[in-house]
1. Go over the candidates B:82, B:68 one by one and state the one that is touching a residue at least 24 places away in the same chain (Cβ under 8 Å), within 16 Å of ligand 2 (Cβ to nearest atom) and in a strand (DSSP E or B).
2. Please find, among B:116, B:62, the residue that is away from ligand 1 (no atom under 12 Å from the Cβ) and under 19 Å from residue B:207 (Cβ atoms).
3. I'm told residue B:252 meets every condition in (1) more than 16 Å from ligand 1 (Cβ to nearest atom); (2) under 21 Å from residue B:276 (Cα atoms); (3) within 14 Å of chain A (Cβ to nearest Cβ) except one. Can you identify the failing condition by its number?
4. Condition check: within 13 Å of ligand 1 (Cβ to nearest atom) and either surrounded by fewer than 17 Cβ atoms within 10 Å (Cβ to Cβ) or part of a strand (DSSP E or B) (or both). Does residue B:43 satisfy that?
5. Considering the stretch B:108-134 alone, what residues qualify as being more than 19 Å from residue B:48 (Cβ to Cβ), touching a strand residue (DSSP E or B) at 6+ places or on another chain (Cβ under 6 Å) and away from ligand 2 (no atom under 16 Å from the Cβ)?
6. Looking at the stretch B:91-115, which of its residues are in contact (Cβ under 8 Å) with a residue 12 or more places away in the chain and either assigned to a helix (DSSP H, G or I) or under 27 Å from residue B:185 (Cα atoms) (or both)?
7. Show me the strands (runs of 3 or more DSSP E) entirely contained within the stretch B:214-287 in which 1 or more residues are modelled with pLDDT under 95 and buried (at least 20 other Cβ atoms within 10 Å of the Cβ).
8. Check whether at least one residue in the stretch A:192-206 is in a helix (DSSP H, G or I) and more than 15 Å from the chain's Cα centre (by Cα), and report yes or no.
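The values are calculated or read from the model by the stated rules, or taken from the named source; none is laboratory data. Note that the structure is predicted; figures quoted are calculated from it, not measured. Here the Cβ positions follow ideal geometry from the backbone for every residue, glycine too, while neighbour counts run over all protein chains shown.
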Ligand SMILES: Nc1ncnc2c1ncn2[C@@H]1O[C@H](COP(=O)(O)OP(=O)(O)O)[C@@H](O)[C@H]1O
Ligand SMILES: [Mg+2]
């Protein structure tokens with residue numbers, strides 16, 4: 001297990017960086033959950049909340065950048081500290097994109113007409129719920145530095161891809177059958193693609209975590 | 001997340017995380033201490049000061065054209081170890097070395113071995129620059145003269161010039177070769193000592209904290225020089241600066257209480273050490 005740094009202010013800086021990443025994680029998680037809610041309830045206030053909270057996440061991302069550069073310059077970190085710091089930059093960027101995607105999804109969802117496409121919407125809800133579970137799990141793994149959970153999350157993304165493929169087929173089928181569904185179908189397609197990408201971002205975070213703990217790259221085995 | 005790693009009580013421990021690094025109790029060397037075509041080999045080397053064992057069963061190779069850094073907390077035996085490589089420990093009362101050390105395949109502790117010649121082949125530069133209280137020229141010329149390496153004044157002049165050039169000092173001193181070496185700046189004096197070692201055609205140069213008395217600029221010049229010298233010599237450098245070790249060396253050896261704990265490619269040791277003690281030390285977690 002890691003001991004404390006001899007220089008206490010170094011630990012304080014690292015702890016601050018960690019807390020900002022976790023805070024970003026919590027906020028990205030809220031945005032993702034809201035996108036799911038917007039999809040199931042199509043409530044305009046949710047979409048407004050998402051838009052309202054985006055700048056806060058971007059600001060945290062900038063703070064992470066600054067903290068990182070500060071620590072690099074002050075401490076010349078090595079080994080696990082270096083791995084934590086370098087991946088913090090990347091993880092913050094993944095989280096920011098997850099939040100961006102969630103906002104984009106909400107935007108599209110609010111413009112849907114009233115749902116003749118019940119089955120595809122079911123599948124999208126499944127995807128959304130699945131990526132949310134992935135995000136929860138990776139954030140918990142990040143908190144505890146649990147590399148086994150990181151590996152599990154990594155493989156959870158296979159399910160995201162599976163649902164996505166099923167959804168594509170279904171949408172294609174529906175849109176071919178009924179030309180009136182093309183508008184909504186396209187919007188659902190964009191939303192589905194976003195969830196698929198969110199799954200990838202979560203998977204990347206799992207890889208970063210794996211690298212922090214082991215110093216190695218995880219690529220499926 | 002730092003804290004998460006430390007706090008064993010909160011959250012579930014990852015077995016993978018625990019098993020990844022060799023635990024602090026393990027005193028065996030991890031990593032590969034051997035190289036394909038070694039210049040020097042050390043096998044099961046122990047060093048005693050009286051009853052106290054300061055180096056414990058260390059095996060390690062020094063490669064050709066490499067800089068190998070020795071790091072570790074003060075008192076862990078770095079200086080003691082490198083002094084074995086040119087039998088400088090012979091000069092210390094009560095110091096005893098066991099095990100086998102070879103240079104180009106020959107055991108340097110063989111009874112018939114010429115120690116003076118050995119110390120030319122394995123030169124040494126110390127923490128505090130220690131030029132002789134003589135002229136710059138004489139500092140360099142002394143060694144080649146007593147080793148009989150030159151047979152004319154012209155040849156000696158040339159050797160002095162070449163040595164000073166290799167040590168990156170020529171341009172700064174060529175117009176005052178007959179002024180005292182002690183009149184140079186600290187960084188220049190250290191390069192003079194390096195030139196002095198170079199003048200007797202060494203194969204290996206040992207450097208014990210060569211920059212610890214120098215300012216950052218003089219340090220950078222020496223580090224740049226070390227990188228150039230690697231083309232001709234093997235260099236073993238003791239340093240307490242992790243940054244210096246990572247900047248100048250290709251391999252790094254970490255010592256702790258007389259044990260060689262870890263050896264590996266410098267890039268690996270500083271990004272992904274295998275042993276918890278190495279990780280503690282290079283990340284600034286001192287006990
Ligand atoms: N001349 C000596 N006589 C007795 N003990 C010594 C002598 N030189 C070093 N030691 C002891 O050997 C151990 C290793 O010392 P040293 O090689 O100087 O460590 P380092 O160079 O890593 O700081 C220390 O415990 C030190 O006190
Ligand atoms: Mg020493």
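1. On the way: B:82 fails: in a strand (DSSP E or B).
B:68 is the lone residue from the list that is touching a residue at least 24 places away in the same chain (Cβ under 8 Å), within 16 Å of ligand 2 (Cβ to nearest atom) and in a strand (DSSP E or B).
2. Numbers: B:116 fails: under 19 Å from residue B:207 (Cβ atoms).
Answer to the check: B:62.
3. (1)
4. On the way: within 13 Å of ligand 1 (Cβ to nearest atom): no; either surrounded by fewer than 17 Cβ atoms within 10 Å (Cβ to Cβ) or part of a strand (DSSP E or B) (or both): yes.
Spelling it out, it is not the case that residue B:43 is within 13 Å of ligand 1 (Cβ to nearest atom) and either surrounded by fewer than 17 Cβ atoms within 10 Å (Cβ to Cβ) or part of a strand (DSSP E or B) (or both).
5. Matches in the stretch B:108-134: B:122, B:123.
6. So the first thing to find is which residues in the stretch B:91-115 are in contact (Cβ under 8 Å) with a residue 12 or more places away in the chain, and the list is B:92, B:94-104, B:108-109, B:115.
Across the stretch B:91-115, the qualifying residue is only B:115.
7. Numbers: elements: B:234-238, B:251-256, B:259-265.
Counting at least 1 such residues, we get no strands (runs of 3 or more DSSP E) at all.
8. Residues of the stretch A:192-206 that are in a helix (DSSP H, G or I), as a first pass: A:192-206.
Next, only the ones that are more than 15 Å from the chain's Cα centre (by Cα) stay: none.
No, the stretch A:192-206 contains no residue that is in a helix (DSSP H, G or I) and more than 15 Å from the chain's Cα centre (by Cα).
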